[in-house]
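The values are calculated or read from the model by the stated rules, or taken from the named source; none is laboratory data. Keep in mind that this is a model prediction, so the values were computed, not measured. A quick note on method: Cβ atoms are made from the backbone with ideal geometry, for glycine too, and the neighbour counts reach across all protein chains shown.
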Amino acid sequence: MKLIPSITTTEGSDWKNKLKEVKDLKIEEVAFFPTCLSREQRNNFYELLKQSSIKRIPFVHLRSDMDVSELDFLVKNYGTKIFNTHSERDYPIDKEWLVDYKDIICIENTSHSPFDENEIKNYGGICLDFAHLEDKRLLNLKVYENEMAVLSKFPIKCNHVSAIKKDFSSVDRKKGELRYDSHHMDNLSELDYLRNYPIQYFSDFCAIELDNKISEQLEAIKHINDFIGTRDKLISKMLEY
């Protein structure tokens, strides 16, 4: 399992300041979520990357308007190893992605589009978003159980890690739906739900999908590593008896 800080671009996330912070902290590896960036903004981001300390971007969340040349650029220049995308039910993709990159593009479970086994078969595996899954456990147990059944059938190659609120403070205002999952963390305890998921669900590409500062993401990574490491040691001791 490897947790990676991320440059996110959702509403409330200042990606330019994140790039500056990454440079100040001399961080060389991040994940990238161009969620709210237009093509022009992404080109600006790529130019600014050259002035940053970033040498590796192992994990990237694809936007449906990205053409294959962007994937080529990220793989060749920043060693991208894995991509994720939303279901084609939500966002039609560029089929050219699948010519060279099918095996490293994974389908993410989202709030509105649960896993579809037939769709996953056309890709390299699953991107498990823990917060989306936990949100379903809390609000729609039937969907949650179906998601869990699918997880046993396909490889989990990458993950998104976000916060789970203790109440309905996270609300999808556009759709008027109550939600527990959030891309902003107010307290490290909002990550403790991860304790309930088995270690085999965590991949080598676990991106911290939070709009928090990079320094706060690093605190989140330490917090998660601390309790998962402690849990695994306890399990190992139990197996010895």
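Residue check: residue 27 meets all listed conditions (1) over 22 Å from residue 183 (Cα atoms); (2) in a loop (DSSP other than H, G, I, E, B); (3) of a type in the set (A, V, I, L, M) but one, namely (1).
Residues in region 108-144 that are among the aliphatic types (A, V, I, L, M) and either crowded, with 23+ Cβ neighbours inside 10 Å or closer than 16 Å to residue 160 by Cα (or both): 126, 128, 131, 133. On inspection, residue 10 qualifies as in contact (Cβ under 8 Å) with a residue 60 or more places away in the chain and either in a loop (DSSP other than H, G, I, E, B) or touching a Leu at 6+ places or on another chain (Cβ under 6 Å) (or both).
Of the set (1) at pLDDT below 95; (2) assigned to a helix (DSSP H, G or I), all apply to residue 178 but (2). Residue selection: residue 162 satisfies the criterion of being within 30 Å of residue 70 (Cβ to Cβ) and touching a Ser or Thr at 6+ places or on another chain (Cβ under 9 Å).
Regarding region 49-72, can at least one residue be identified that is surrounded by 21 or more Cβ atoms within 10 Å (Cβ to Cβ), farther than 23 Å from residue 154 by Cβ and aromatic (Phe, Trp, Tyr)? No, region 49-72 contains no residue that is surrounded by 21 or more Cβ atoms within 10 Å (Cβ to Cβ), farther than 23 Å from residue 154 by Cβ and aromatic (Phe, Trp, Tyr).
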